[in-house]
Amino acid sequence: MSLLPEVSKNYGKLDLYINGKWVKPKTNKYFDTTNPATDKVIAQAPIASPEDVERAIETAHTAFKKWKNVPFRDRAKLIFNLRDTFMRHHEELARILVQDHGCTVSDGRGTISRCIENIEAAGSAMYSLLKGEHVDQLATGIDCYLLREPVGVFMIITPGNIPMHAWSSFVPYALACGCTVIVKPSLQCPVSADAMFKMLDEAGFPPGVANLLHMGPERELNKVILSDPRVRGVGLIGSTRVAKELFEICGKYGKRSSLNGNGKNTIVVMPDADADQAVGYILRGCFGMSGQRCLGSDNVAIVGDNKTYKAIKEKLLEASAALKMGYGLDETVELGPLTTLKGKNQVVSFIESGLKSGAKLILDGRKAQVKGYEKGYFLGASVFENVTPDMYIAREESFGPLCNLLRMDDLDQVIGWINSTNYGHSACIVTESGKAARKFTRECEVGNVGVNAGIPQPYAFFGLGSKKDSFFGNSKSRMDSVKMFLDEKTVTLRWV
């Protein structure tokens with residue numbers, strides 16, 4: 001086994017980033033973060049104090065007064081500087097993500113490419129969005145203009161499962177629009193957050209427009225930040241529980257929000273689907289990023305007779321069992337560890353609940369070990385059958401490398417079941433029938449639909465759909481977030 005070099009064996013004590021400078025926390029407290037493949041400490045992340053929070057808010061608020069008046073073309077130039085910086089550090093960032101998160105280097109490289117797409121979309125959008133609108137001679141002697149103006153300071157909260165991609169789903173858009181940000185990253189992946197801010201620093205953004213506050217397990221400071229009148233809103237990719245909590249706070253204080261929560265996503269395999277192609281989509285959808293993907297699936301509904309079901313099941317079991325596990329810096333590895341030991345244990349509990357409810361575990365990944373990485377947070381691919389729609393494992397997100405096989409009689413039954421769940425992130429269908437695909441696309445109550453795909457990931461210049469308990473707020477993430485970061489003003493002029 002040949003491993004790609006690590007960027008660093010240990011990143012040491014990380015700092016906060018406030019007003020364009022790397023600073024120590026006033027608490028002088030730190031928490032350890034580990035490499036999920038080895039369980040070895042790779043950095044100590046700082047825990048911000050209320051004093052650090054106040055400084056970050058005041059810094060972002062002060063910086064906004066200048067940043068909003070910087071010509072948008074100059075802001076766009078800095079955004080494209082950031083794009084070039086990411087391009088130069090593409091491989092380095094991917095390998096940092098592998099160390100910090102546990103993904104494969106292939107998924108890490110894909111993540112950085114998605115980040116670059118978001119940065120490009122943010123910079124490009126300004127050339128059309130900020131033109132505004134104009135109606136000449138609306139009435140005799142009267143003209144009317146519509147202007148778009150930056151709103152202010154925003155809090156951005158990023159998760160542990162997609163720490164870099166989530167960052168890029170908000171931060172470049174906020175900065176391009178003329179807003180300033182305070183980023184609070186997940187405690188699971190602090191090294192990734194640190195790396196993203198190093199990119200901002202290198203790209204030449206002025207002090208104060210972007211600030212980084214590590215907070216460890218402390219959540220009360222979220223409320224402190226959002227209750228402050230200088231902070232105008234929040235962007236989150238995280239859990240539904242946290243999204244609901246923040247949505248209530250935003251309602252109380254009149255804040256703007258884009259709050260993305262959990263999902264329970266499904267891949268539907270129709271009788272006319274090519275079995276090999278379908279299994280390929282299932283492997284990516286259920287086991288990619290070790291199942292820790294917002295648009296990943298752990299439900300697979302197979303429509304058809306016993307022969308169709310058996311063909312898919314047998315091919316899936318063979319391919320799933322053959323997935324190579326290991327440290328993601330080995331380019332031949334297909335399945336990395338879970339990001340945290342806690343996350344691994346939660347997935348194990350999820351599997352045990354499935355067994356108690358009567359589902360049959362036909363591939364058990366709980367005892368998987370990787371030679372040389374016995375302390376890593378590894379789970380092998382697991383597959384259930386005899387799963388029914390009413391079971392807990394069929395209705396709640398596992399967030400691990402799990403696949404539930406469900407038998408369905410027809411497409412109407414599948415769509416009815418998908419629409420009965422509380423979540424609305426995504427659903428995919430594998431079929432050769434345009435009629436079936438169109439029906440599925442139009443009738444599924446989800447925000448992101450895939451046809452002959454395992455991950456229905458829209459390009460950056462589309463917002464991330466998501467409905468029901470998968471989303472709360474007034475704008476979606478990525479391109480749609482400009483609705484949150486920009487306000488509208490109309491000007492009516494009479495000259496005659």
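Scanning the stretch 14-40 for residues that are touching a Phe, Trp or Tyr at 6+ places or on another chain (Cβ under 6 Å) and in a strand (DSSP E or B) turns up just one, Tyr17. Residue count for the stretch 48-59 under the criterion of being under 19 Å from Met196 (Cβ atoms) and either of a type in the set (Gly, Ala, Ser) or not in a helix (DSSP H, G or I) (or both): the result is 2. Counting the residues of the stretch 41-53 that are surrounded by 14 or more Cβ atoms within 10 Å (Cβ to Cβ) and either farther than 21 Å from Pro217 by Cβ or free of Cβ contacts under 8 Å to residues at least 60 places away in the same chain (or both) gives 2.
Going by the structure shown, is Ala63 part of a helix (DSSP H, G or I) and either of a type in the set (Lys, Arg) or surrounded by 14 or more Cβ atoms within 10 Å (Cβ to Cβ) (or both)?
In short, yes.
Select from the stretch 456-496 the residues that are under 12 Å from Gly235 (Cβ atoms) and in a loop (DSSP other than H, G, I, E, B) and write down the one among them that is farthest from the chain's Cα centre (by Cα). Residue satisfying both the conditions and the ranking: Asn474. For the condition on the phi < 0 side of the Ramachandran plot, free of Cβ contacts under 8 Å to residues at least 40 places away in the same chain, in contact with a Pro (Cβ under 9 Å, 6 or more places away or on another chain) and surrounded by 23 or more Cβ atoms within 10 Å (Cβ to Cβ), Ser382 qualifies.
Checking the stated criteria, Val209 turns out to be under 23 Å from the mean Cα position of the chain (by Cα) and more than 28 Å from Thr421 (Cα to Cα).
Only one of Leu4, Leu82 is in the same structural domain as Met196 (by TED's automatic domain parsing) and farther than 17 Å from Gly216 by Cβ. Can you tell me which?
Being in the same structural domain as Met196 (by TED's automatic domain parsing) and farther than 17 Å from Gly216 by Cβ holds for just one of Leu4, Leu82, which is Leu82.
For Phe440, the conditions (1) assigned to a strand (DSSP E or B); (2) crowded, with 22+ Cβ neighbours inside 10 Å are fulfilled apart from (1). Anything in the stretch 103-134 that is among the basic types (Lys, Arg) and more than 30 Å from Thr490 (Cβ to Cβ)? List them, or say none. Result: Arg109, Arg114.
Conditions tested, residue by residue: (1) touching a Gly at 6+ places or on another chain (Cβ under 6 Å); (2) more than 30 Å from Asp143 (Cα to Cα).
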| site | (1), (2) |
| --- | --- |
| Asn419 | no, yes |
| Lys435 | no, yes |
| Lys439 | no, yes |
| Asn448 | yes, yes |
| Ser466 | yes, yes |
| Thr490 | no, no |
| Arg494 | yes, no |
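The values are calculated or read from the model by the stated rules, or taken from the named source; none is laboratory data. On a predicted model such as this, the values are computed, not experimentally measured, just so you know. Cβ: placed from backbone, ideal geometry, glycine included. Neighbour counts: every protein chain shown.
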